[in-house]
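Notes follow once the structure below has been shown.
The values are calculated or read from the model by the stated rules, or taken from the named source; none is laboratory data. Here the structure is a predicted model, which is why all the values come from computation and not from measurement. Heads up, the Cβs are rebuilt from the backbone with ideal geometry, glycines too, and the neighbour counts pull from every protein chain shown. Note: accessible area is taken over every heavy atom of the protein model, side chains too, but ligands, DNA and RNA are not part of it. Shrake-Rupley method; radii C 1.70, N 1.55, O 1.52, S 1.80 Å.
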Amino acid sequence: MEARLNLFANPLAGKSLKHLVAAGTAFAGSTLPAATAELVRLRASQINGCGFCTDMHTKDAAHAGETATRLHLVAAWREATVFTDAERAALELAEQGTRIADAAGGVTDEAWANAAKYYDEDQLVALVATIALINAFNRLNVIVQQPAGDYRPGQFA
């Protein structure tokens, strides 16, 4: 598979992607657990069918110490016993925030209230922004058919 556009070589793509990446680094100092952020990125990427981001965030999470069991079960998190209640709340928010078009009301008040039980306001800001950004990256990669499988952990650091 070959991408329709080379986002890594095109100067205009590089300029715009730099801003998206910078937006994501604004939350690097957040107290939102890094593992939670990676699980959310992975789940949204799975839902959106973004192979590149699924590959990237699986490998980055594993490199950071996430277990293979938890990574394999992200797609079935509701039935899995390996996630905390806080992680479940974040994954639910990520799913609803990713599937906005599937529900006329968007993110439910229940999903928001559940996430707010576990995360403070700054963590919620980081969580919402993480969900929005990964969805933007997913859409870019899906539209250009960015191939998956060759990512190396830390490749874009």
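Taking GLN96 and the conditions (1) of a type in the set (S, T, N, Q); (2) free of Cβ contacts under 8 Å to residues at least 40 places away in the same chain; (3) surrounded by 12 or more Cβ atoms within 10 Å (Cβ to Cβ); (4) farther than 14 Å from ILE47 by Cβ, which numbered condition does it fall short on, given that it satisfies the others?
All conditions pass for GLN96, except number (4).
When you scan region 99-129, how many residues do you find that are in a helix (DSSP H, G or I), hydrophobic (A, V, I, L, M, F, W, C), closer than 18 Å to ARG88 by Cβ and open to solvent by 40 Å² or more (accessible area, probe 1.4 Å)? Let's see the steps before the verdict.
So in region 99-129, the residues in a helix (DSSP H, G or I) come out as 100-102, 109-118, 121-129.
Remaining after also requiring hydrophobic (A, V, I, L, M, F, W, C): 100-101, 111-113, 115-116, 124-129.
Then keep just the ones that are closer than 18 Å to ARG88 by Cβ; that gives 111-113, 115-116, 124, 126-128.
Keeping just the survivors that are open to solvent by 40 Å² or more (accessible area, probe 1.4 Å) gives 112-113, 116, 128.
Residues in region 99-129 being in a helix (DSSP H, G or I), hydrophobic (A, V, I, L, M, F, W, C), closer than 18 Å to ARG88 by Cβ and open to solvent by 40 Å² or more (accessible area, probe 1.4 Å): 4 in total.
Which members of region 72-86 meet the condition of being open to solvent by less than 20 Å² (accessible area, probe 1.4 Å) and in contact (Cβ under 8 Å) with a residue 12 or more places away in the chain? Full working, then the answer.
Keep residues of region 72-86 that are open to solvent by less than 20 Å² (accessible area, probe 1.4 Å), which gives 74, 77, 80, 83.
Result: VAL74, TRP77, PHE83.
Go through region 16-60 and give me each residue that's part of a loop (DSSP other than H, G, I, E, B), small (Gly, Ala, Ser) and surrounded by 13 or more Cβ atoms within 10 Å (Cβ to Cβ). Can you show your working first?
Filtering region 16-60 for residues part of a loop (DSSP other than H, G, I, E, B) gives 26-33, 49-50.
If we keep only those that are small (Gly, Ala, Ser) too, we end up with 26, 28-30, 49.
Of everything in region 16-60, just one residue is part of a loop (DSSP other than H, G, I, E, B), small (Gly, Ala, Ser) and surrounded by 13 or more Cβ atoms within 10 Å (Cβ to Cβ), namely SER30.
Among residues belonging to region 130-146 that are open to solvent by less than 40 Å² (accessible area, probe 1.4 Å) and not aliphatic (A, V, I, L, M), point out the one that is nearest to VAL21 (Cα to Cα).
Here is the first cut: in region 130-146, the ones open to solvent by less than 40 Å² (accessible area, probe 1.4 Å) are 130-131, 133-136, 138, 141, 144, 146.
Narrowing the set further to residues that are not aliphatic (A, V, I, L, M) leaves 130, 135, 138, 141, 146.
Values: THR130: 11, ASN135: 13, ASN138: 13, ASN141: 14, GLN146: 17 Å.
Ranking the candidates gives THR130 first.
With at pLDDT below 95 and under 16 Å from the mean Cα position of the chain (by Cα) as the only criterion, which of ALA44, ALA64, ALA76 stands out?
Working: ALA44 fails: at pLDDT below 95; ALA76 fails: at pLDDT below 95.
Going through ALA44, ALA64, ALA76 in turn, just one is at pLDDT below 95 and under 16 Å from the mean Cα position of the chain (by Cα): ALA64.
List every residue pair whose Cβ atoms sit under 6 Å apart, with the two residues 6 or more apart in sequence or on different chains, where the first one lies in region 1-15 and is open to solvent by less than 90 Å² (accessible area, probe 1.4 Å) and the second, anywhere, is part of a loop (DSSP other than H, G, I, E, B) and not aromatic (Phe, Trp, Tyr).
So the pair list comes out as ALA3/GLN145; ALA3/GLN146; ALA13/LEU7.
Which residue pairs have Cβ atoms closer than 7 Å, lie 6 or more positions apart in sequence or on different chains, and pair a first residue in region 146-157 that is modelled with pLDDT of 95 or more with a second residue that is among the small types (Gly, Ala, Ser) and not in a loop (DSSP other than H, G, I, E, B)?
Short answer, once both residue conditions are applied: ALA148/GLY51.
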